[in-house]
Amino acid sequence: MCCELVLKINFSIPRRDRIKKTFSERTERIQLKMGYNEEFKESINNPEKFWRKKAEFINWYKFPEKILSKDENGFFRWYQGGKLNTSFLLLDYHVQDGRADQTALIYDSPVTETKLKYSYQDLLDKVTNFAGVLRSKGVKKGDIVIIYMPMIPEAVIGMLACARLGAIHSVVFGGFAPKELAIRIDDARPKVLITASCGIEFTNVIEYKPLVDEAISISKHPPETVILLQRPQIRAKMILGRDFDWNELVDLSLPVDPVPVDATDPLYILYTSGTTGLPKGVLRDNGGHAVALKYSMKSIFNSDPGDVYWAGSDVGWVVGHSYIVYAPLLHGCTTVLYEGKPVKTPDAGAFWRVISEHKVNTFFTAPTAFRAIKKEDPEGNLKKKYDISSLKSLFLAGERLDPPTYEWLENILKIPVIDHWWQTETGWPMCSNMLGLEPCRVKVGSPTFPVPGFDVHILDEDGNLCNPGETGNIVVKLPLPPSCLPTLWKDDNRYVESYLKKYPGYYLTGDGGLIDEDGYVFVMGRVDDVINVAGHRLSTGQMEEIIASHPAVAECAVVGIDDEIRGQVPVGFSVIKDGFSVNQEELEKEIIGLIRQKIGAVACFRQSVVVKRLPKTRSGKILRKNIRQIASNKEFSIPPTIDDPLILDEIFEVIESFGIGIYKK
């Protein structure tokens, strides 16, 4: 099955003249019939030619002088010499090109019972005015602005206002603890911090200002200015001379034109967890980011300008950056900003309601969201209340898509359900079934093939290529394609140590997996999730798939627990679907039987317990390491990204009660 990839190129106009014109002026529609294999091979064998062609789809102020080069540190860089402005590409370009009245952003907030729509012209006006606010506070090209906001339009406006000035934004998830916010303040050293008076989790109003004040009080490099949006739910106290009201400043501001920046200039810093406990500042440049995200919208997601695209994430995460804010607006789509949850806002039909009401064409979220929905509505009955016929495809990423969740979704939706895999470091998918290029046969548990530009391999511990079907370390041969991190913020050494040192010439993803005989990539989880049982390396992800196939299990985690004899042994933790009544002992026997049937006695799987909830980050990743630390009675820090710290207490009670790990009876 093959899909035509539409490219627009006017070959009658010389290149240097062509790039100065608007997209519609300089292009005409042609059909380029190129399947996945041809596109992928060209991207690997001739990356400069491939990514030069993709760069033609961006409206540059100055087309790059070099497509691929190396900087003074020997790191690969894309589009050296190019000049552009990302805010212009997302807003001004579309207004000039006839989309001024099209809806750019839909804000849907069940927690405040608010729904708003912004046209491209509306959003442009708000961004240019807030850019004027930032400029009035001394923000200029290269300065850093921290954004500590809930899921509200002003978060997007703040991000794009920074991009308009050539300033670097660093979005910190709203609600992060003061200590964690202070760490990011000291590392980034922002000139301005933007925040709101509160965020809302279900029905809980969380005051942000006290958290901000405490973070600033303990930071060594506090921002000069705090700009605060007062929300109706809470009115924050202001500190005279430092704090300023968002609306009051906007009323006095003057609009700002976009500032040209180099393609290699930073667009944003996004902090991700590090093994040392200190977060890593992933750096994203302007040029490669724009080219790659523009390419992804059609080739991967098969989205067209004017489509409604919804990524059910948060702007504090990379998915929110790439696929709530930047990619949909680059492509001329309508994007949805949802301030709510998959369940309890008000029920497990929340996602279906948004899709129906806003005529969503493409939806992207994490598997954990649908596991929560499946737990509360196992038969999918709430979906029947809504017309979701507009939905063309569902994309899932952020964690492994377990087969039972995939099969449940495929059964109730009857549309393509696409598993894809990527990281904060890359900024866009590394492996996916490419709906806009050439849809391929699905293999459950696999995100299909590497995306063009990503030369993915599996290496063993000694750096040798693994045979098809053999599990090893997933790596990407350098150079990484555009949009991927060129380095870490102010830490080139850590960049090399974390990603490049172990396998010279390759980027280490930190994930383990395999490539089968057909070339399909299977990501089994973080390398840390591979456990060693009496000398046998076993994937906890494989065990989780087996446990999740039990009809009573909504979701589960398998963790390797220290064992004096075998080194480690796996223990299962399962959450039961609503409406199911199970006997703990009977369920444990059935799950142990499933593991023995599918893997064998070599797994030494002898314990499986039921828990109310699994500890997760707000983005849905299960905190297996913390479960392991609890079972070993090791000291640990509560992750700042945890959804609810009380879940760890619940896990401890279960571990102690059932004699798991050090509490073995």
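The values are calculated or read from the model by the stated rules, or taken from the named source; none is laboratory data. Computed from a predicted model, the values in this text were never measured in an experiment. When we count neighbours, we look across all protein chains shown, and the Cβ atoms used for this are built from the backbone with ideal geometry, even at glycine. Side chains included, ligands, DNA and RNA excluded: accessible areas come from the protein's heavy atoms. Shrake-Rupley method; radii C 1.70, N 1.55, O 1.52, S 1.80 Å.
At a glance:
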item: Proximal charge balance of Pro150 [Cβ under 10 Å; K/R count +1, D/E count -1]; result: -3
item: Neighbourhood charge, 11 Å Cβ-Cβ cut-off, centred on His321 and excluding it, Lys, Arg +1 and Asp, Glu -1; result: 0
item: Among (i) 28.1; (ii) 32.0; (iii) 37.8, the entry derived from the coordinates for mean projected area of the Cα convex hull in nm²; result: (i)
item: For the stretch 151-256, with +1 on Lys and Arg beta carbons and -1 on Asp and Glu, the positive-most of Ile234, Ile200, Ala182 along the dipole; result: Ala182
item: 15 Å beta-carbon shell around Trp428, net charge (K/R +1, D/E -1); result: +2
item: DSSP-defined beta bridges in the chain - what % are antiparallel, rounded to 5; result: 65
item: Considering only the stretch 35-172, percent of DSSP beta bridges that pair antiparallel, nearest 5; result: 75
item: Among Ala552, Ile515, Pro260 the positive-end extreme of the charge dipole of the chain (Cβ point charges); result: Pro260
item: Relative packing of peptides 261-270, 91-100 - highest average C-beta neighbours within 10 Å first; result: 261-270, 91-100
item: Members of Lys41/Lys140; Lys237/Lys577; Lys280/Lys477 lying beyond 32 Å, as alpha-carbon distances in this model show; result: Lys41/Lys140; Lys237/Lys577
item: Per-peptide average of other Cβ atoms within 10 Å, ordering 546-557, 647-658, 164-175 highest first; result: 164-175, 546-557, 647-658
item: Å² of accessible area per residue within the stretch 144-206, as computed with a 1.4 Å probe and no ligands counted; result: 20
item: The stretch 304-455: equivalent-ellipsoid semi-axes (sqrt of 5 x gyration tensor eigenvalues, Cα, Å); result: 23, 18, 15
item: Aspartates and glutamates whose Cα lies under 19 Å from that of Lys83, excluding same-chain neighbours fewer than 8 positions away; result: Asp17, Glu48, Glu56, Glu65, Asp71, Asp92, Asp143, Asp257, Asp262, Asp265, Asp285
item: Residue (of Gly567, Asn583, Phe605) at the positive-pole extreme of the stretch 564-611, dipole from beta-carbon charges; result: Gly567
